[in-house]
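Notes follow once the structure below has been shown.
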Amino acid sequence: MTHAGEPKIRGAVVGAGHMGQYHILALAEIWGVELVGVVDSDFARAERVAAPYGARAFRDHRELAGLVDFATVAVPTEQHFAVARDLLETGAHVLVEKPMTSTLEEAKELFRIARQQNRVLHVGHVERFNGAVQELRKIVERPILIESRRLGPFVPRVQNDSVVMDLMIHDIDIVLGLVEGEPRKITAVGSSVHSSVTDVATVQIVFDSGAMATITASRATEEKIRTLAITQPDAYILLDYSHQDIQIHRRAAQEYTLNRESIRYRQASFVEHLLV
């Protein structure tokens, strides 16, 4: 954080497409940050996007060397590794849009370079910072069953990344953060609907703690659904991302009635609502 009289932190965004423009807008609104540059292989687009913020346009990210303290990488996934590597090696801190890289080996190499350069490397898993998810972490204690759904219509601009790398990656990240222990067994199925890659997928994860998670993602569903349901021994928790609403169902009492005609069972419960 900068204070009055201190120089601003100099930043740039590499990639002036749909996601890149979100990052540009966010940086422009952060006090203490100066948006120095916008980089895009389409130089005309870089100029057009940079102009309203008084930033310089660049065609190549390597031109940022020595000009910025940090940069956000929002280019197509297959370019993440090379761009982030170059920026780290010039001494910049880097935020990479998800998915971080195309392969695990590339991701490990980027973190190796970041450690070597003593730079911060972070991945844009924005759902971690969703207020509802942060509140959820305070509630969930011992999950035994997790059911996640992230469904929505197809967006033509996203055709190179599968639905797993495009959408489900958020939910995998959240689930791994909620469950203690390591995945013991993973099964997955998926299919292509509107593109040449997977548009619908379901993944089942069994953890060594015994917890189970089913994660479904779709970009072939005409209704937008974003929910996360968690069962634990004392409660059922339902998070609706769209409404930032958490419902907590807790068991209050049980009553069995036994007579000659029938066995009757009644369960009372109460529901808490948290609006985040």
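The values are calculated or read from the model by the stated rules, or taken from the named source; none is laboratory data. Quantities reported herein were computed from a predicted structural model and do not represent experimental measurements. Here the Cβ is made from the backbone with ideal geometry for all residues, glycine too, and neighbour counts use every protein chain on show.
How many residues are in a loop (DSSP other than H, G, I, E, B), at pLDDT below 95 and either touching a Gly at 6+ places or on another chain (Cβ under 8 Å) or over 30 Å from residue 246 (Cβ atoms) (or both) if we restrict to segment 102-138?
2
Of all the residues that make up segment 208-220, how many are modelled with pLDDT under 95 and in contact with a Leu (Cβ under 6 Å, 6 or more places away or on another chain)?
0
Inside segment 191-223, can you point out the residues that are in contact with a Ser or Thr (Cβ under 8 Å, 6 or more places away or on another chain), surrounded by fewer than 16 Cβ atoms within 10 Å (Cβ to Cβ) and over 16 Å from residue 171 (Cβ atoms)?
191, 192
Tally the residues that are out of contact with any Lys or Arg (no Cβ under 9 Å at 6 or more places or on another chain), in contact (Cβ under 8 Å) with a residue 40 or more places away in the chain and under 21 Å from residue 78 (Cβ atoms), restricting the search to segment 131-176.
Total meeting the criteria: 5.
Could you list, in sequence order, all residues of segment 236-245 that are modelled with pLDDT under 90 and either outside the structural domain of residue 140 (by TED's automatic domain parsing) or part of a strand (DSSP E or B) (or both)?
Within segment 236-245, just 245 meets the criteria.
Test residue 188 against the criterion of being touching a Ser or Thr at 6+ places or on another chain (Cβ under 8 Å), small (Gly, Ala, Ser), part of a strand (DSSP E or B) and within 23 Å of residue 238 (Cβ to Cβ), and give yes or no.
Considered against the rule, which asks whether it is touching a Ser or Thr at 6+ places or on another chain (Cβ under 8 Å), small (Gly, Ala, Ser), part of a strand (DSSP E or B) and within 23 Å of residue 238 (Cβ to Cβ), residue 188 comes out as no.
Output the residue which, of all residues in segment 15-24 that are in a helix (DSSP H, G or I) and among the hydrophobic types (A, V, I, L, M, F, W, C), is farthest from residue 93 (Cα to Cα).
Filtering segment 15-24 for residues that are in a helix (DSSP H, G or I) and among the hydrophobic types (A, V, I, L, M, F, W, C), the one farthest from residue 93 (Cα to Cα) comes out as 19.
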